[in-house]
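What follows is a set of notes on a single structure, which appears directly below.
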Amino acid sequence: MELKFIGQGLDSENDVATGNHIITSLEDDRYTSFCAFVAFVSKSGINNIIEQLTAFIDKGNTVKLYVGIDLNSTSKEALEKLIELGIETYIVFSPNNIIYHPKIYAFEGAEYSKAIIGSSNFTARGLFQSIEASVSISFNNEEEEGTQFLNEVYEYYNTILDNSNPSCQLLTADLLNFLVNSKIVLTEKATRSKHNKINKEFSKRDLSAYKELLDKFKKLKLKKPPKGHKKVVEAIVKTCNKAKTKVKVTNQLIKLPKGGMWIQTGLMTSPARNILGLSKKGKLLDKSLVNGSVAFFGINPDVDVNAVQIEVEYAGDIYKGNQVHYTPRNGSWRLNFYGETDDNKKFNDITRPTLGLPGAFQNKILLFTKVNVNSYKLKVLDESEIDKLKDNSSLWAKNGSSPYLFGIIK
């Protein structure tokens with residue numbers, strides 16, 4: 001029998017994380033079944049092992065998951081993914097103060113078995129990034145001590161395994177709809193909004209102490225898992241065919257560009273909602289100042305006063321004649337999306353609210369990539385991507401005196 005300690009999160013360069021051990025086990029032909037008892041599951045957790053998981057199933061092997069949904073920490077998207085993959089999944093939930101909280105990953109084969117038991121949830125952070133501790137127990141099935149140990153695990157969860165426990169239900173589309181309607185299971189966007197609200201309330205109380213906190217406790221380097229926390233976000237591409245008065249919206253995954261700038265838009269200004277507020281200075285969380293968003297466009301606001309014409313590539317079209325300029329009347333810098341393409345497509349037709357719908361850039365995040373002098377590429381992201389953008393930024397700050405943020409991709 002082999003005992004192995006799995007440490008994770010303190011040394012991101014050298015750690016072999018729990019998720020890596022699970023991936024290795026799924027790739028090991030000695031194992032033909034995988035069973036997990038786990039409190040929380042996220043879509044990013046699944047995506048990080050999805051190739052190995054589906055390959056394991058394609059070999060004719062079996063997978064069963066017994067998943068908790070307490071504290072809104074297992075997402076709707078994660079459960080939808082498990083249904084889509086056809087993985088036999090059971091929901092364990094007690095509608096009182098009892099929380100289902102195990103983290104057990106068991107692999108069995110004809111001759112060898114393994115169990116990984118510790119603190120790692122089935123999420124990207126739990127499997128690869130957070131500071132976690134687990135123990136891996138591997139053994140030949142002829143070893144009585146190892147076999148007895150795994151049997152004790154199964155014996156403890158026997159009422160869940162044999163479906164006799166009323167707190168355990170097979171996951172189906174109907175059950176998921178019921179849980180979502182009951183607000184027991186939330187979308188990942190709703191969960192982020194909930195956590196952001198809590199974080200904002202907390203930061204309001206202790207914002208002045210944040211710098212002292214950073215002086216006292218240094219940040220650890222975050223490990224990048226195989227897939228789930230790559231510098232990739234979902235972009236919203238909105239195009240408008242004026243002749244047919246049709247708006248087409250498509251989603252795509254894009255890799256975040258190093259050195260690119262993202263900026264929250266809010267409602268935008270002007271009737272066409274085509275004016276974006278920029279800033280001379282940005283304000284960090286500790287209230288110290290940095291160069292504002294206007295600097296990304298090659299402007300030194302202490303010296304430059306003349307307007308700068310830029311071209312912006314968006315959804316495959318290049319719009320010329322956009323303007324970054326200073327407005328003395330209100331003392332602010334702005335980016336006006338006044339541009340047109342060579343075939344007379346206008347940015348206004350995309351940014352303007354129509355038929356009761358907001359403009360394409362309202363309450364979004366704009367991601368700019370510099371192509372060359374006064375030439376930029378633009379993607380439009382949903383505001384739900386802001387936490388991932390923060391994680392992948394060398395700095396992020398308030399955009400001047402506005403409540404909105406901007407950041408630079410590291």
Can you spot a residue in the range 372-392 that is under 23 Å from Glu313 (Cβ atoms), out of contact with any Ser or Thr (no Cβ under 6 Å at 6 or more places or on another chain), without any contact (Cβ under 8 Å) to a residue 12 or more places away in the chain and not hydroxyl-bearing (Ser, Thr, Tyr)? yes
Going through the range 23-56 in order, the residues found to be part of a helix (DSSP H, G or I) and in contact with a strand residue (DSSP E or B) (Cβ under 6 Å, 6 or more places away or on another chain) are Ser25, Gly45
Out of (1) part of a strand (DSSP E or B); (2) among the charged types (D, E, K, R); (3) buried (at least 19 other Cβ atoms within 10 Å of the Cβ), the one Lys388 does not meet is (1)
Quick one: Ser134 ticks every box in (1) open to solvent by 20 Å² or more (accessible area, probe 1.4 Å); (2) small (Gly, Ala, Ser); (3) part of a strand (DSSP E or B) bar one, so which box is it? (1)
The one condition Phe37 fails out of (1) surrounded by fewer than 20 Cβ atoms within 10 Å (Cβ to Cβ); (2) closer than 30 Å to Leu220 by Cα is (1)
In the range 317-343, what count of residues is obtained for those that are within 14 Å of Gly277 (Cα to Cα), surrounded by 15 or more Cβ atoms within 10 Å (Cβ to Cβ) and among the β-branched types (Val, Ile, Thr)? 1
Could you run through the range 10-34 and say how many residues are open to solvent by less than 10 Å² (accessible area, probe 1.4 Å) and either at pLDDT below 95 or not polar (S, T, N, Q) (or both)? 6
Of the conditions (1) over 21 Å from the mean Cα position of the chain (by Cα); (2) assigned to a loop (DSSP other than H, G, I, E, B); (3) at pLDDT 90 or above, Asn363 fails just one. Which one is it? (1)
Considering only the range 137-147, I want to know if a residue exists there that is more than 16 Å from Val38 (Cα to Cα), open to solvent by less than 80 Å² (accessible area, probe 1.4 Å), assigned to a helix (DSSP H, G or I) and of a type in the set (Phe, Trp, Tyr). no
Scanning for something at pLDDT below 75 and either surrounded by 11 or more Cβ atoms within 10 Å (Cβ to Cβ) or more than 24 Å from Ile50 (Cβ to Cβ) (or both), does the range 179-191 turn up at least one residue? no
I need a count of the residues in the range 57-103 that are in a helix (DSSP H, G or I), open to solvent by 20 Å² or more (accessible area, probe 1.4 Å) and over 22 Å from Ile116 (Cβ atoms). 8
Which of the residues belonging to the range 148-163 are aromatic (Phe, Trp, Tyr) and assigned to a loop (DSSP other than H, G, I, E, B)? Tyr157
Is it the case that Ile275 is open to solvent by less than 40 Å² (accessible area, probe 1.4 Å), at pLDDT 95 or above and farther than 19 Å from Lys390 by Cβ? yes
Restrict the check to the range 355-365 and report whether at least one residue is touching a Gly at 6+ places or on another chain (Cβ under 6 Å), of a type outside the set (D, E, K, R) and touching a residue at least 24 places away in the same chain (Cβ under 8 Å). no
Subset tally (residues that are surrounded by fewer than 19 Cβ atoms within 10 Å (Cβ to Cβ) and either touching a residue at least 40 places away in the same chain (Cβ under 8 Å) or closer than 28 Å to Pro358 by Cβ (or both)) for the range 298-314: 6
As an exercise: evaluate Val380 against (1) surrounded by fewer than 19 Cβ atoms within 10 Å (Cβ to Cβ); (2) in a strand (DSSP E or B) and give the number of the one condition it does not meet. (1)
Output the qualifying pairs, or none if there are none: Cβ atoms under 7 angstrom, residues six or more apart or on different chains, first residue in the range 398-410 and touching a residue at least 24 places away in the same chain (Cβ under 8 Å) and assigned to a strand (DSSP E or B), second residue of a type in the set (Gly, Ala, Ser) and open to solvent by 20 Å² or more (accessible area, probe 1.4 Å). Asn399/Gly277; Ile408/Gly259; Ile408/Ser394; Ile409/Gly259
Any pair with Cβ under 9 angstrom, 6 or more apart, that starts in the range 178-189 at a residue that is assigned to a loop (DSSP other than H, G, I, E, B) and ends at one that is among the aromatic types (Phe, Trp, Tyr) and open to solvent by 100 Å² or more (accessible area, probe 1.4 Å): Ile184/Phe178
One residue from Ala110, Ala124 being small (Gly, Ala, Ser) and at pLDDT below 95: Ala124
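The values are calculated or read from the model by the stated rules, or taken from the named source; none is laboratory data. Computed from a prediction, not measured in an experiment: that's the story for all the values here. Neighbour counts are summed over all protein chains in view; Cβ atoms, including those assigned to glycine, are modelled from backbone coordinates with ideal geometry. Heavy atoms of the whole protein, side chains included, go into the accessibility calculation; ligands, DNA and RNA do not. Shrake-Rupley method; radii C 1.70, N 1.55, O 1.52, S 1.80 Å.
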